[in-house]
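Have a look at the structure below before the remarks.
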Amino acid sequence: MSKDGSSKILPSVSLAAGGAAGAVEAAVTYPLEFAKTRMQLGTVKTRNPFIIINHVVRTEGLPALYKGFPNVIIGSMGKNAIRFVSFDAIKNVWKDAETGELTPARSLLAGMSAGVVTSIFAVTPTQRVKTAIIDDGGGAQKFRSSMHAARMMYQERGLAAFYYGFGGTTLKAISATAVRMGTYNILKDYEHSRNIRPTMSTSFMNGAIAGIVTTYATQPFDTLKTRCQSANGASTVEAFKNIMADGGIRVFWSGSVVRLGRTILSGGIFVAVLNPILSLK
């Protein structure tokens, strides 16, 4: 308990809760992430994720659908844990002393700051390996596993190999975290101010709404970082040129509907799993 009598969540609890919630949402939504990545890489023609998933299962087997999944689990756990710890720390500094709430502007700034931290320490390296493996699965298939891919990339290019797409990833992380966390915090404050009791359903809806708002605003950054993080790797300029050559501006929104579905699910699942964990005494 804090001096004012309010319950305060320890950083270690926030870290564990964020990590556990991230693992659950990653496991449930990974097939959609796999299909979206193939779309963004331009290696498939269809925009129906279920056709992609069905084709992969029939031709390569079910395990192929989860290529890069262990890496994503690690990245998702790290991303969400780091994001919540950093967001909570920043929020506690910037919140109003009397009400304990953040203004909308401060919510967004707190989310943006947390996004930068997660991009550097978790998102970019893990997404690079995941994307390279998915791209490789539709081509040369030189990577046998996440560890094998990471080792090969390091041998070829050193640590720099894990930071292809850093610009797009960071821009996506900043904007996505700002919108998602900021929107979610605003919704919670709105409900609190009107004495709306938090439940599993309200938590799910808050996460889903935040996910919808986030998706279309950040999709161009997501597509750009995916092209940068292909098996061979590409600079931001090269990725941009490739996207424009493949079909122009509209290609930046490849996989938007799939990502929206995944974001709604992951946002809802994440907060629905997180809140019961944080409420344990």
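Just a few scattered comments:
- When restricted to residues that are at pLDDT below 70, among the aliphatic types (A, V, I, L, M) and surrounded by 17 or more Cβ atoms within 10 Å (Cβ to Cβ), the stretch 254-277 contains 2.
- Remark: pairs (first residue in the stretch 47-60, under 19 Å from Val257 (Cα atoms); second residue modelled with pLDDT under 90 and not in a helix (DSSP H, G or I); Cβ separation under 7 Å; 6+ apart in sequence or on different chains) = Ile52/Val44; Ile52/Thr46.
- Condition broken by Ile120, with the remaining ones in (1) at pLDDT 90 or above; (2) more than 21 Å from Leu41 (Cα to Cα) satisfied: (1)
- Candidate set: the stretch 54-90, residues that are crowded, with 20+ Cβ neighbours inside 10 Å and among the basic types (Lys, Arg); chosen: the one nearest to Phe143 (Cα to Cα): Lys67
- Flag for Ala114 being hydrophobic (A, V, I, L, M, F, W, C), at pLDDT below 85 and crowded, with 22+ Cβ neighbours inside 10 Å: yes
- The sole residue among Val179, Val251, Val237 that is of a type in the set (A, V, I, L, M, F, W, C), surrounded by 13 or more Cβ atoms within 10 Å (Cβ to Cβ) and closer than 30 Å to Lys142 by Cα is Val251.
- Odd one out for Ser76, checked against (1) within 21 Å of the chain's Cα centre (by Cα); (2) modelled with pLDDT of 80 or more: (2)
- Unique residue being of a type in the set (D, E, K, R) and not in a helix (DSSP H, G or I) when the list is Arg47, Arg106, Arg58: Arg47
- From the options Thr103, Thr170, residue that is among the β-branched types (Val, Ile, Thr) and in contact (Cβ under 8 Å) with a residue 40 or more places away in the chain: Thr170
- Criterion: over 13 Å from the mean Cα position of the chain (by Cα) and either touching a residue at least 12 places away in the same chain (Cβ under 8 Å) or on the phi > 0 side of the Ramachandran plot (or both) - qualifying residue of Met152, Met112: Met112
- Within the stretch 34-43, not a single residue is touching a helix residue (DSSP H, G or I) at 6+ places or on another chain (Cβ under 8 Å), buried (at least 19 other Cβ atoms within 10 Å of the Cβ), modelled with pLDDT under 85 and in a loop (DSSP other than H, G, I, E, B).
The values are calculated or read from the model by the stated rules, or taken from the named source; none is laboratory data. Just so you know, these numbers come straight off a predicted model, no measurement behind them. We place every Cβ from the backbone using ideal geometry, glycine too, and count neighbours over all the protein chains shown.
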